[in-house]
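Please read through the structure below; I'll follow up with questions.
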Protein chains: 2
Amino acid sequence: MPNPTAAMLVIGDEILSGRTRDANMHFLAGELTRHGVTLAEVRVVLDDADAIIAALRELSARFDTVFTSGGIGPTHDDITADAVAAAFGLSIDVRDDARALLQAHYDVTGREMNEARLRMARIPDGARLIENPVSVAPGFTVENVHVMAGVPSVFQAMVASVLPHVTGGAPLLSQSVPVFRGEGDIAGPLGALAAEFEDVSFGSYPFDRNGVFGANVVVRGTDHARVNLAVSRLATLFPQRDA
Amino acid sequence: MPNPTAAMLVIGDEILSGRTRDANMHFLAGELTRHGVTLAEVRVVLDDADAIIAALRELSARFDTVFTSGGIGPTHDDITADAVAAAFGLSIDVRDDARALLQAHYDVTGREMNEARLRMARIPDGARLIENPVSVAPGFTVENVHVMAGVPSVFQAMVASVLPHVTGGAPLLSQSVPVFRGEGDIAGPLGALAAEFEDVSFGSYPFDRNGVFGANVVVRGTDHARVNLAVSRLATLFPQRDA
């Protein structure tokens, strides 16, 4: 049985303008791979309600789980929660449980609750809250969509809260074999090997190490014995120069 | 008139598995912003023909220009050229001009042309070649889609070849103003200012510098005077503590 699938929706003008380099995609990709979930697609969209709503609807219909990052802070450009509510036809308002979390935090830190901070307690009807151990303002889950913050430390903490509740499959095992030959020399025999091992995937990633050309061939699969067999076949096909 | 729009399609299992951290999206985002093109969406998909074809068709219909990265090397997992041909209903085969470029390169470097390397000369009918000054194997342009390599040094060189032919608008100007107050305190006045300046966008990006909380407010627009006016209004709203 193939592993469950996931998609990620990154929301934020700052990524698409080049101001900020996204870090959450790479983090989530690694976590999902270890958890046995295939990250099948990532989209990055602007802070635009129509774009967010359309992407949410399509991704949540096509994949088992969707993770979003960004747009749940207190400022006017934080429109993710309202877009999620609109995408699923839910009402949204300040919710008492979320407001209580924030109020307790502000009471301790001596900050005032105001209209902007109250925006972070706007949660779609029926959503489950996602704990935020870093800065308290919660994420939330609606149907198969987990809505999380864009700040990497908060995103990572929320992924840790959510992942135990996401059904995983067999973790993807991966072994990398460096081959010191041009990718054009590797490709033929590698393609034949890949055709023979249908349950294992072979990726070829060329490198140039100070003028020494080659490729890392990455063997991936969920069956330990098959991955090992494929790696030993690779070693026979492409003997190491200095072995 | 709003700036021209673009989308990017990143093709590669290695990004979605977390093995490789994509570098091309951040690079392209910065280049397009400087060129006056709005990068409106990025998608990352697996090495899967159906996924690539569907994304190409949708993005090329919705945006002025599409840039792809990845999947044009010599190995069995390099399926982008065939997917592009299928998406636009074009035939594809080894093309003499592309083959000649590769042959000349292999003649100099003493490598043999073989079936795998010939794959890199497979170019859809009617496509224009994109020069690759790094490793010769060309990219190509079909309709409004520029198909480029995933290796960052090659991708960057191909962007440099292509960008002069892409219609740009007014470059997006950007100024960043650090505000040493909690984002929840900034949000109210900032939202009011944003409502007043409809031709300028205001983004708020919280930071925590060793326990000093604040946010960088980024003002973006294409009119220099308006951006400057917005920045001076921001400075009045949020005086610097140590000024």
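Read the figures in this text as sums done on the coordinates, not as results from a lab. The structure presented is a predicted model; accordingly, all values stated were derived computationally and were not measured. Using ideal geometry, Cβ is built from the backbone for each residue, glycine included, and neighbour counts are taken over all protein chains shown.
Would you mind ranking B:Asp78, A:Asp97, B:Asp47 by Cβ crowding within 10 Å, fewest neighbours first?
Listing B:Asp78, A:Asp97, B:Asp47 from fewest to most nearby Cβ atoms yields A:Asp97, B:Asp47, B:Asp78.
What FRET efficiency, computed as 1/(1 + (r/R0)^6) with R0 = 60 Å and r the Cβ-Cβ distance, is obtained for B:Met113 and B:Ser174, rounded to the nearest 0.05?
The value I calculate is 0.80.
Now for a separate question. Take the Cα pairs of the stretch A:163-243, get the Kirkwood Rh, then feed it into Stokes-Einstein at 25 °C and 0.890 mPa s and tell me D in µm²/s.
After rounding, the answer is 180 µm²/s.
Pairing the Cα long axis of helix A:24-35 with the longest principal axis of chain A, what angle in degrees results, from 0 to 90 and rounded to the nearest 10?
Tilt relative to chain A: about 70 degrees.
Also, I was wondering about something else. Explain nothing, just the number: dipole magnitude of the protein assembly as shown about its Cα centre with +1 on each Lys and Arg Cβ and -1 on each Asp and Glu Cβ, in debye rounded to the nearest 20. Present the calculation step by step, with values, prior to reporting the outcome.
Details: 38 positive and 60 negative charges, 183 e Å.
Roughly 880 debye for the protein assembly as shown.
If you don't mind, there's one more thing I want to ask. Quote the charge dipole size of the stretch B:131-243 about the Cα centre in Debye, to the nearest 20; the model charges only the Cβ of Lys and Arg (+1) and of Asp and Glu (-1).
Computed charge dipole of the stretch B:131-243: roughly 260 debye.
When the distances between all Cα atoms of the protein assembly as shown are binned every 10 Å from zero, what whole-number percent does each bin get?
Cα pair-distance distribution for the protein assembly as shown, in percent: 4, 18, 27, 25, 16, 8, 2, 0.
Can I ask one more? Return the loop-located trypsin sites (Lys or Arg not before Pro) in the stretch B:114-181 (DSSP other than H, G, I, E, B) with at most 11 other Cβ atoms within 10 Å of their own Cβ; answer none if there are none.
For trypsin sites (Lys or Arg not before Pro) across the stretch B:114-181 that sit outside H, G, I, E and B with at most 11 neighbouring Cβ atoms in 10 Å, the list is empty.
While we're here: Can you give the local net charge around B:Thr5? Use residues other than it whose beta-carbon is closer than 13 angstrom to its beta-carbon, Lys and Arg +1, Asp and Glu -1.
Combined, the nearby Lys, Arg, Asp and Glu give -2.
So, counting K/R as plus one and D/E as minus one, what does the shell of residues with Cβ under 14 Å around B:Pro138 add up to?
Here the charged neighbours net out to +2.
May I pose another question? Set the Förster distance to 35 Å, then compute FRET efficiency between B:Asp96 and A:Val231 from the Cβ-Cβ distance, nearest 0.05.
0.35
Over the whole of B:36-44, what's the average partner chain Cβ count within 10 Å per residue? Rounded to a whole number, please.
6
Note the angle between two axes, namely the Cα long axis of helix A:96-109 and the longest principal axis of the Cα atoms of chain A, as a number of degrees from 0 to 90, rounded to the nearest 10.
The angle comes out at about 90 degrees.
Do any chymotrypsin sites (Phe, Trp or Tyr not before Pro) in the stretch B:164-233 lie in a DSSP loop with no more than 15 other beta carbon atoms within 10 Å, and if so, which? Don't skip to the answer; put the middle values down first.
Numbers: sites: B:Phe180, B:Phe197, B:Phe202, B:Phe207, B:Phe213; in loops: B:Phe180, B:Phe197.
Of the chymotrypsin sites (Phe, Trp or Tyr not before Pro), the ones in loops of the stretch B:164-233 whose Cβ has at most 15 other Cβ atoms within 10 Å are B:Phe180.
While we're here: Tell me the volume per residue, in Å³, of the convex hull enclosing the alpha carbons of the stretch B:1-47.
Taking only Cα atoms, the stretch B:1-47 has a hull volume of 55 Å³ per residue.
Got a sec? How would A:Ile186, A:Ile92, A:Ile15 order by Cβ neighbour count within 10 Å, fewest to most? Spell out each step's value before the answer.
Numbers: A:Ile186 23, A:Ile92 16, A:Ile15 26.
Listed from fewest to most nearby Cβ atoms, that is A:Ile92, A:Ile186, A:Ile15.
Out of all DSSP beta bridges in the protein assembly as shown, what portion is antiparallel? Express it as a percent rounded to 5.
Taking every DSSP beta bridge within the protein assembly as shown, about 65 percent pair in antiparallel fashion.
Hey, rough spin-label estimate for B:Arg181 and B:Phe197, points 7 angstrom out along Cα→Cβ, what's it come to in nanometres?
1.6
What is the helix-to-structure angle for B:49-62, meaning the angle in degrees between its Cα long axis and the longest Cα principal axis of chain B, kept from 0 to 90 and rounded to the nearest 10?
Orientation of helix B:49-62: about 50 degrees from the principal axis.
In addition: Under 8 Å for C-alpha pairs, at least 6 residues apart: give me the relative contact order for chain B, rounded to a whole percent.
It rounds to 17 percent for chain B.
Hey, fewest Cβ within 10 Å first, where do B:Ser174, B:Ser91, B:Ser135 land in order?
B:Ser91, B:Ser174, B:Ser135
Another question, if that's okay. What share of Cα pairs, in percent, lie more than 21 angstrom apart in the stretch B:5-164?
Details: 5285 of 12720 pairs.
Everything past 21 Å amounts to 42 percent.
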